[in-house]
């Protein structure tokens, strides 16, 4: 993969991870204030499109959704699949 594409990919993944981290913090704050929440589907969608690291870090930093099995197992599985896909992509190029 040309270096320019790698840089763009890293920028994209950083931006989506930052979005995921911010969403986890916002959802935690809304939960504490008993206000409208961010749907779990949205959080998983952000993880699937590349923000899984940000979602995971948000879980740890904000201590949010850590008792939900769908998150405590789902997000690490998404991360593992994304890493495996990146390794396979790298090895095949």
Residue in the range 32-47 that is part of a helix (DSSP H, G or I), modelled with pLDDT of 95 or more, more than 14 Å from the chain's Cα centre (by Cα) and more than 18 Å from residue 89 (Cβ to Cβ) present: yes
Cβ-Cβ under 9 Å pairs, at least 6 apart or on other chains, the range 1-23 side closer than 23 Å to residue 56 by Cβ, far side at pLDDT below 95 and not in a helix (DSSP H, G or I): 9/1
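Of all residues in the range 49-67 being surrounded by fewer than 20 Cβ atoms within 10 Å (Cβ to Cβ), without any contact (Cβ under 8 Å) to a residue 40 or more places away in the chain and under 18 Å from residue 30 (Cα atoms), which is nearest to the chain's Cα centre (by Cα)? So that I can check it myself, show each step before the final result.
Step one: filter the range 49-67 for residues surrounded by fewer than 20 Cβ atoms within 10 Å (Cβ to Cβ), giving 49-50, 57, 60-63, 66-67.
Remaining after also requiring without any contact (Cβ under 8 Å) to a residue 40 or more places away in the chain: 49-50, 60, 62-63, 66-67.
Subset that is under 18 Å from residue 30 (Cα atoms): 60, 62-63, 66-67.
Working: 60: 12, 62: 14, 63: 15, 66: 14, 67: 17 Å.
Top of the filtered list is 60.
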Test result for residue 24, within 14 Å of the chain's Cα centre (by Cα) and at pLDDT 95 or above: yes
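The values are calculated or read from the model by the stated rules, or taken from the named source; none is laboratory data. If you're wondering where the values come from, they're calculated on a predicted model, not measured in any experiment. Glycine also receives a Cβ, built like all others from the backbone with ideal geometry; neighbour counts cover every protein chain displayed.
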